[in-house]
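Taking it in order: structure first as structure tokens, then the write-up.
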Amino acid sequence: EILKFPGSERAQLRQGEQTRPDMAGSGCVLVERLEEVIGGVIGIVTLNRPSARNALTRNMLRDLTRALAELDKDDRVRCVVLRGEGRAFCAGIDLTAASGVFTGDADDKEYDAVGALERLRVPIVGAVHGACVTAGVEIALACGVLVASEGAFFHD
């Protein structure tokens, strides 16, 4: 099963996968559930904005928070893997959209992806490759386990 946010850069779904139109959003966060593994499923959350090295916008933060909450509600999920599509894990906040990211209440749980990671009841594995910068580092540090490729680098 896959939750696909509209506008995703992943052009087609494989046979048997379904979209969740009720989860309308930025199109830059994908959630997949791998079939029965270890008596349950593994949730794969992908930051899917490779053209911008997965730089975060306000809508992406909201979608990531919602995706994690959806996985947390699913008792079949045994662990979550957080990864980035393309050449980087996450290049931090998208500076062209920074004013939108920093608009609103800092305590607004709807946009608190780090808090959603910390509240998740299952282990979270951060699969880091390429750049992991500023807000990307904060998200990575909220994972219980980090696995970094040889070419990964962290900068805050």
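Does the stretch 65-72 contain any residue that is under 11 Å from the mean Cα position of the chain (by Cα) and not hydrophobic (A, V, I, L, M, F, W, C)? For the stretch 65-72, residues under 11 Å from the mean Cα position of the chain (by Cα) and not hydrophobic (A, V, I, L, M, F, W, C): present. Please specify each residue of the stretch 119-156 satisfying the condition of being part of a loop (DSSP other than H, G, I, E, B) and open to solvent by 80 Å² or more (accessible area, probe 1.4 Å). Selection gives R121, P123, E150, D156. Considering only residues in the stretch 83-93 that are buried (at least 24 other Cβ atoms within 10 Å of the Cβ) and out of contact with any Leu (no Cβ under 8 Å at 6 or more places or on another chain), the one that is farthest from V37 (Cα to Cα) turns out to be A91. Just checking, does the stretch 102-115 include any residue being outside any strand (DSSP E or B), of a type in the set (D, E, K, R), at pLDDT below 95 and open to solvent by less than 30 Å² (accessible area, probe 1.4 Å)? No: the stretch 102-115 contains no residue that is outside any strand (DSSP E or B), of a type in the set (D, E, K, R), at pLDDT below 95 and open to solvent by less than 30 Å² (accessible area, probe 1.4 Å).
Scanning the stretch 25-47 for residues that are touching a Phe, Trp or Tyr at 6+ places or on another chain (Cβ under 8 Å), under 15 Å from G136 (Cα atoms) and either of a type in the set (V, I, T) or open to solvent by less than 10 Å² (accessible area, probe 1.4 Å) (or both) yields V29, L47.
Given the structure, is R14 modelled with pLDDT under 85 and open to solvent by 60 Å² or more (accessible area, probe 1.4 Å)?
Judged against the criteria, R14 is a match.
When V80 is tested against (1) modelled with pLDDT of 95 or more; (2) surrounded by fewer than 19 Cβ atoms within 10 Å (Cβ to Cβ); (3) closer than 19 Å to V37 by Cα, exactly one condition is not met: (2).
The values are calculated or read from the model by the stated rules, or taken from the named source; none is laboratory data. Bear in mind that the values here come from a model prediction, so they are computed numbers and not experimental data. For neighbour counting, all protein chains shown are included, and Cβ atoms are generated from backbone atoms with ideal geometry for every residue, glycine included. Surface areas here come from the heavy atoms of the whole protein model, side chains and all, with no ligands, DNA or RNA. Shrake-Rupley method; radii C 1.70, N 1.55, O 1.52, S 1.80 Å.
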